[in-house]
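What follows is a set of notes on a single structure, which appears directly below.
All of the numbers you see were taken from the coordinates with simple rules; none came from a lab. Note that the coordinates shown come from a computational prediction; the quantities given were computed from them, not determined experimentally. Don't worry about glycine lacking a Cβ; one is built from the backbone with ideal geometry, like all the others, and counts go over all protein chains shown.
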């Protein structure tokens with residue numbers, strides 16, 4: 001990008017307004033050192049995934065997707081992660097979230113971020129997931 005005739009080339013810098021400094025630092029660290037900060041939490045993970053998706057950093061996305069296995073689903077993050085998995089089309093995370101929701105549906109009203117509007121979405125998604133499970137058998 002900085003070798004082309006873009007405004008960034010003339011300025012000698014790139015302005016990234018959509019993400020916080022920590023997210024950009026983690027992305028640059030991955031590009032230059034092939035690693036990610038050890039202190040990454042769920043919010044940092046989501047922001048970094050959004051960044052890698054926006055800038056088509058596929059290797060970083062792959063690395064982050066491998067980290068998803070360590071995410072512990074809970075009533076504090078299930079609504080956010082279900083939405084995240086749906087928006088970014090991450091099937092295995094979405095399936096894990098829907099399985100969690102199915103197993104814990106009686107506690108749905110206590111999930112952080114849950115609203116009555118979410119109820120119909122979760123029911124539709126759980127039914128679609130169940131249909132896919134049935135078809136796969």
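Counted residue by residue at 0.36 nm each, then reduced by the alpha carbon distance between them, the extension gain from residue 110 to residue 13 reaches 30.4 nm.
Each of 23, 82, 32 was scored by other Cβ atoms within 10 Å of its Cβ. Listed from fewest to most, they are 32, 23, 82. Between residue 29 and residue 71, the contour length at 0.36 nm per residue exceeds the Cα-Cα span by 12.9 nm. Legend: calculated FRET efficiency, residue 56 to residue 95, from the Cβ-Cβ distance at R0 = 22 Å, rounded to 0.05, equals 0.35. On the basis of the beta-carbon distance and an R0 of 30 Å, residue 37 and residue 80 show a calculated FRET efficiency of 0.90.
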